[in-house]
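Notes to accompany the following structure.
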């Protein structure tokens, strides 16, 4: 395994791989790796000749400077974890390696087709512009055969699919199921910021979502959404930001169960923002 920080050095390695006709699996991350990330890497290693993992805390997708500052950075620990699962290349650039000053100051423009106007987009303006900005850059650097994304960030995944199609990247996007802690809590780098008591509180998020799946046959989407909101709000020290039952393709609020639907949630536990989702059909 090699660790690279410059795009130029990465380009040289990618050209070597491409010249032999080998496939490249790619897992983009912001580091602070956990079992969810490692599951993506293991799948990439299994399905490709070479696996590249990027570790880059992308400043353009944070609309909260404090959140960016507090995001955990553990490059040496992450590297050791990736060594154990046979990752071939770690790409860990600095911000100045990726962006010119003007790029950080200006909003990246992209036709989201409305996917950015709901849920996360309502509460994190500019977030998805930054996501598309960095993922498109990374795709150009790595030129992956397949790229692996977790379904925990469901809205982001939908946008990455759209980006790949509109920008005509020759890359297959592989959707990977949410990896959860034994309690049911969706794995996230942000979980490290939870105290032990906050973890107990946060476990209620997945519990309520799983319970809601059992009620789908007896309620409309609107009724079920109201049920989830009521139960989340009844948990002390959880502050609901949003819960939406949405069409999996358009991400617009579902009015019935005729099309595949997903329930997406964002909740603050203390000052830690957590997201999760479950499928209903």
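Being more than 24 Å from residue 181 (Cα to Cα), modelled with pLDDT of 95 or more and in contact with a helix residue (DSSP H, G or I) (Cβ under 7 Å, 6 or more places away or on another chain), is that true of even one residue in the range 221-236? Yes, because at least one residue in the range 221-236 is more than 24 Å from residue 181 (Cα to Cα), modelled with pLDDT of 95 or more and in contact with a helix residue (DSSP H, G or I) (Cβ under 7 Å, 6 or more places away or on another chain).
If the condition is being surrounded by 15 or more Cβ atoms within 10 Å (Cβ to Cβ), over 21 Å from residue 191 (Cα atoms) and out of contact with any strand residue (DSSP E or B) (no Cβ under 6 Å at 6 or more places or on another chain), then the range 48-78 contributes only 60. Taken together, the criteria place residue 169 among residues that are touching a helix residue (DSSP H, G or I) at 6+ places or on another chain (Cβ under 6 Å), outside any strand (DSSP E or B) and under 30 Å from residue 20 (Cβ atoms).
Selection of first residues in the range 75-101 that are at positive phi and of second residues that are outside any helix (DSSP H, G or I) and modelled with pLDDT of 95 or more, restricted to Cβ pairs under 8 Å at least 6 apart or on distinct chains, gives the following pairs, ordered by first then second residue: 86/1; 86/51. Looking only at the range 35-63, residues that are assigned to a loop (DSSP other than H, G, I, E, B) and either farther than 20 Å from residue 272 by Cα or touching a residue at least 40 places away in the same chain (Cβ under 8 Å) (or both) come to 6 in all.
Let's see how each residue does on (1) free of Cβ contacts under 8 Å to residues at least 40 places away in the same chain; (2) under 20 Å from residue 278 (Cβ atoms):
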{"residue": "126", "(1), (2)": "no, no"}
{"residue": "134", "(1), (2)": "no, no"}
{"residue": "151", "(1), (2)": "no, yes"}
{"residue": "163", "(1), (2)": "no, no"}
{"residue": "167", "(1), (2)": "yes, no"}
{"residue": "170", "(1), (2)": "yes, no"}
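Residues of the range 14-30 that are under 22 Å from residue 80 (Cβ atoms) and touching a strand residue (DSSP E or B) at 6+ places or on another chain (Cβ under 6 Å): 25, 26, 27, 28, 29. Checked against (1) more than 30 Å from residue 249 (Cβ to Cβ); (2) in contact (Cβ under 8 Å) with a residue 12 or more places away in the chain; (3) not in a loop (DSSP other than H, G, I, E, B), residue 141 meets all criteria but (1). Evaluation of residue 162 against the conditions (1) farther than 29 Å from residue 48 by Cβ; (2) in a helix (DSSP H, G or I) shows that the sole unmet condition is (1).
Which numbered condition in (1) at pLDDT 95 or above; (2) within 25 Å of residue 29 (Cα to Cα) is the only one that residue 192 fails? Tallying (1) at pLDDT 95 or above; (2) within 25 Å of residue 29 (Cα to Cα), residue 192 fails exactly one: (1).
The values are calculated or read from the model by the stated rules, or taken from the named source; none is laboratory data. These figures come from a predicted structure and were not determined experimentally. All Cβ positions, glycine included, derive from the backbone under ideal geometry; neighbour counts span all protein chains shown.
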